[in-house]
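Written out below as structure tokens is the structure these notes cover.
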Amino acid sequence: MVEKVKIVVDDDRCYLCGGCAGMCPTLAINVGPKWEFFIDKCISCKICITACPVGALKAVPLEGEP
Amino acid sequence: MRYDVVVVGAGIAGPIIARNLAKAGYDVLMIDKKAEIGSPKRCGEGISIGVFDKYDIPYDKRFINREIYGAKLYSPSGYELELRYKKVSGVIIERKVFDKMLAFYAARAGADVWPRTEATGLIRKEGRIAGIRAKHEGEPVEIEAEIIVAADGVESMVARWAGINTYAPPHEFDSSYEYEMLIEGYDPDLIHLWFGNEVAPRGYVWVFPKDEDRANVGIGINSDNPKTAKYYLDKWLRERGIPAKKLLEINVGAVPVGGFVKELVRGNVLVVGDAARQVNPMHGGGMAEAMGAATIASRWMIKALEEENLSLLQNYTREWWEKDGRRLEKVLKARRVTEKLTDEDLDLFIQILSGADAEKIAGGDYGEVIKALLKHPKVLLSPRRIKLLKELL
Ligand SMILES: Cc1cc2nc3c(=O)[nH]c(=O)nc-3n(C[C@H](O)[C@H](O)[C@H](O)COP(=O)(O)OP(=O)(O)OC[C@H]3O[C@@H](n4cnc5c(N)ncnc54)[C@H](O)[C@@H]3O)c2cc1C
Ligand code: SF4
Ligand code: SF4
């Protein structure tokens with residue numbers, strides 16, 4: 001089992017290029033005028049984190065959250 | 001509102017389709033989420049000179065920054081290979097102006113064009129896709145159309161909403177980072193490319209001159225690389241002592257380099273350009289491929305509308321795969337072989353080629369290039385190198 005995570009963006013570093021959204025296997029990211037994440041679709045594969053050309057994404061653990 | 005065709009995305013592929021369909025007399029709407037078409041750019045802006053005639057695009061000085069006469073390749077230890085032509089071989093354009101002018105040509109031909117309009121979903125009616133839901137300046141709009149074109153770039157959602165599988169693993173993408181900056185010391189009549197596993201894993205660093213002292217300086221690396229494209233570009237500049245202080249733009253993006261979409265049409269939805277992963281997987285150039293695919297798609301859309309038979313759209317998939325897909329699959333195979341080259345291989349090959357018959361190499365005779373390499377003693381003594389080169393042949 002992969003550890004379930006939440007993906008968060010650093011708005012100050014993100015260029016809204018859409019690369020992460022294009023590579024996400026489950027459409028869990030949408031990049032329009034802002035970067036949006038849909039946690040119910042995310043499978044915690046972390047492809048987006050590695051793919052971002054500037055390292056604007058990171059995973060935060062979900063444990064402990066209600 | 002109702003149109004014959006709605007095109008999502010006003011990059012390269014979208015405006016070519018919108019123009020062609022409007023010229024043929026159909027009602028077309030092209031939307032883009034950007035407020036200013038063409039901006040920000042996600043591009044090195046290099047394109048071969050042949051596309052202007054081939055795709056009927058005016059050679060307009062307003063988007064031509066500089067004419068280019070060839071390329072210079074650099075190996076990891078600094079061996080150089082120069083390919084210089086007597087005639088202009090390519091140009092460095094200004095995407096901001098180019099994309100906008102392509103949209104202008106489409107509008108002038110009769111298409112409606114709306115920026116700041118983001119597609120947010122599909123309209124489904126009686127089991128079929130009847131159009132696009134969008135947001136214009138925050139207001140929801142519903143656009144009904146006979147045919148829907150997903151020309152929405154690398155981040156494409158439209159085709160995926162329609163059930164077309166455009167997924168490709170991250171290894172089949174490049175992550176890119178680029179400065180448009182002041183830079184000196186590189187022949188501004190050539191594009192410059194640096195290779196090496198430490199320089200740019202799987203990809204290359206480029207300098208595409210827009211002026212004598214201004215260029216797009218960028219990098220593409222495999223998207224599954226644990227380090228970022230920015231890390232590698234900044235390292236490259238630092239190691240060469242090139243000051244990155246006079247920067248005019250920072251450009252970021254991902255480039256599909258493999259994973260060409262198998263099914264390009266589903267019902268009345270077509271996917272084209274980066275959204276369909278139609279990019280040359282060796283060098284990551286996608287503009288010419290997008291124009292080619294858009295041209296094929298337009299032709300079948302016109303035919304399907306003329307004959308009121310949407311099943312004719314399927315011919316786009318067939319024709320693209322026969323003409324371009326098969327060729328790009330071969331390029332992808334070659335790319336996979338080049339991924340195995342060590343820095344020593346790159347040094348040796350570029351060193352050998354710089355001494356070989358430059359005329360033949362510049363002529364693009366790929367077979368001759370491999371043959372020249374295969375003749376060299378250092379290659380002949382290495383079964384591994386022979387095997388790699390034979391795979392390339
Ligand atoms: C750093 C970098 C350098 C490159 N250098 C070169 C180069 O030198 N030469 C070359 O040939 N290619 C280059 N490429 C590739 C090239 O930029 C693309 O292949 C090309 O732009 C593809 O055209 P397109 O029309 O398919 O998509 P795009 O040009 O990406 O256009 C897609 C459009 O769709 C819009 N859109 C997306 N989603 C929505 C939505 N939901 N609603 C409304 N609009 C939407 C976007 O805003 C965008 O304007 C480079 C790419 C990168 C990232
Ligand atoms: S890939 Fe990085 S820069 Fe691009 S939209 Fe995603 S988070 Fe932002
Ligand atoms: S972790 Fe995987 S599934 Fe989740 S947003 Fe990133 S790419 Fe998509």
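Assess whether A:Val5 counts as being touching a strand residue (DSSP E or B) at 6+ places or on another chain (Cβ under 7 Å), on the phi < 0 side of the Ramachandran plot and more than 10 Å from every other protein chain (Cβ to nearest Cβ). For A:Val5, the condition - touching a strand residue (DSSP E or B) at 6+ places or on another chain (Cβ under 7 Å), on the phi < 0 side of the Ramachandran plot and more than 10 Å from every other protein chain (Cβ to nearest Cβ) - is met.
Could you tell me which of the residues A:Pro33, A:Pro53, A:Pro61, A:Pro25 is of a type outside the set (A, V, I, L, M, F, W, C), within 13 Å of another protein chain (Cβ to nearest Cβ) and farther than 21 Å from B:Ala119 by Cβ? Don't jump to the end; show me each part of the working.
On the way: A:Pro33 fails: farther than 21 Å from B:Ala119 by Cβ; A:Pro61 fails: within 13 Å of another protein chain (Cβ to nearest Cβ); A:Pro25 fails: farther than 21 Å from B:Ala119 by Cβ.
Residue meeting the stated conditions: A:Pro53.
If you go through segment B:141-159 and keep only what is of a type in the set (A, V, I, L, M, F, W, C), within 16 Å of ligand 3 (Cβ to nearest atom) and open to solvent by less than 10 Å² (accessible area, probe 1.4 Å), you end up with just B:Val154. Restricting attention to segment B:137-164, the residues being over 12 Å from B:Gly9 (Cα atoms), within 13 Å of chain A (Cβ to nearest Cβ) and free of Cβ contacts under 8 Å to residues at least 60 places away in the same chain number 4.
Matching residues to (1) modelled with pLDDT of 95 or more; (2) assigned by TED's automatic domain parsing to the domain that holds B:Leu348; (3) more than 24 Å from the chain's Cα centre (by Cα); (4) open to solvent by 60 Å² or more (accessible area, probe 1.4 Å):
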site	(1), (2), (3), (4)
B:Lys61	yes, no, no, yes
B:Leu73	yes, no, no, no
B:Ser77	yes, no, yes, yes
B:Asp99	yes, no, no, no
B:Ala103	yes, no, no, no
B:Arg116	yes, no, no, yes
B:Ala119	yes, no, no, no
B:Ile132	yes, no, yes, no
B:Glu139	yes, no, yes, yes
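Please indicate, with yes or no, whether at least one residue in segment B:2-23 is among the hydroxyl-bearing types (Ser, Thr, Tyr) and either assigned to a loop (DSSP other than H, G, I, E, B) or within 16 Å of ligand 2 (Cβ to nearest atom) (or both). Among the residues of segment B:2-23, not one is among the hydroxyl-bearing types (Ser, Thr, Tyr) and either assigned to a loop (DSSP other than H, G, I, E, B) or within 16 Å of ligand 2 (Cβ to nearest atom) (or both), which makes the answer no. In a residue-by-residue description of segment B:160-174, the property of being open to solvent by 10 Å² or more (accessible area, probe 1.4 Å) and over 30 Å from B:Ser223 (Cβ atoms) applies to no position.
Here is a yes/no grid of residues against (1) modelled with pLDDT of 95 or more; (2) more than 16 Å from ligand 2 (Cβ to nearest atom); (3) within 20 Å of B:Ile93 (Cα to Cα); (4) open to solvent by 20 Å² or more (accessible area, probe 1.4 Å):
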| residue | (1), (2), (3), (4) |
| --- | --- |
| B:Gly253 | yes, no, yes, no |
| B:Val261 | yes, yes, no, no |
| B:Val269 | yes, yes, no, no |
| B:Val272 | yes, yes, no, no |
| B:Gly286 | yes, yes, yes, no |
| B:Ala293 | yes, yes, no, no |
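In the set (1) away from chain A (no Cβ under 12 Å); (2) open to solvent by 30 Å² or more (accessible area, probe 1.4 Å); (3) among the β-branched types (Val, Ile, Thr), the condition left unmet by B:Ile242 is number (2).
Within segment A:34-58, residues that are acidic (Asp, Glu) reach partners that are open to solvent by less than 50 Å² (accessible area, probe 1.4 Å) with beta carbons closer than 6 Å, at six or more positions or on different chains, in the pairs A:Glu36/A:Asn30. Applying the criterion of being near ligand 2 (Cβ under 7 Å from one of its atoms) and touching a Lys or Arg at 6+ places or on another chain (Cβ under 8 Å) to the residues of segment A:15-31, the residue that is most open to solvent (accessible area, probe 1.4 Å) is A:Leu16.
Does B:Gly50 satisfy the criteria of being more than 18 Å from the chain's Cα centre (by Cα) and either away from chain A (no Cβ under 14 Å) or within 16 Å of ligand 3 (Cβ to nearest atom) (or both)? No: the conditions fail for B:Gly50. If you go through segment B:181-204 and keep only what is more than 14 Å from chain A (Cβ to nearest Cβ) and open to solvent by less than 10 Å² (accessible area, probe 1.4 Å), you end up with B:Met181, B:Leu190, B:His192, B:Gly196.
So which strands (runs of 3 or more DSSP E) stay within chain A end to end and still have 2 or more residues that are of a type in the set (A, V, I, L, M)?
Working: elements: A:5-9, A:29-31, A:35-37, A:57-61.
Those strands (runs of 3 or more DSSP E) span A:5-9, A:29-31, A:57-61.
Looking at A:Lys34, A:Lys58, which is the one that is within 15 Å of ligand 2 (Cβ to nearest atom), farther than 23 Å from B:Glu172 by Cα and either basic (Lys, Arg) or surrounded by 14 or more Cβ atoms within 10 Å (Cβ to Cβ) (or both)?
Numbers: A:Lys58 fails: farther than 23 Å from B:Glu172 by Cα.
Only one candidate passes the filter, namely A:Lys34.
Every condition in (1) within 13 Å of ligand 2 (Cβ to nearest atom); (2) within 25 Å of B:Ala159 (Cα to Cα); (3) more than 12 Å from chain B (Cβ to nearest Cβ); (4) open to solvent by 40 Å² or more (accessible area, probe 1.4 Å) holds for A:Asp10 except the one numbered (2). For the criterion of being closer than 22 Å to B:Gly70 by Cα, crowded, with 16+ Cβ neighbours inside 10 Å and among the hydroxyl-bearing types (Ser, Thr, Tyr), B:Thr317 fails.
The values are calculated or read from the model by the stated rules, or taken from the named source; none is laboratory data. Please read all numbers here as calculations on a predicted model, not as lab measurements. Because the Cβ atoms are built from the backbone with ideal geometry, glycine has one as well, and the counts that use them run over all protein chains shown. Surface areas here come from the heavy atoms of the whole protein model, side chains and all, with no ligands, DNA or RNA. Shrake-Rupley method; radii C 1.70, N 1.55, O 1.52, S 1.80 Å.
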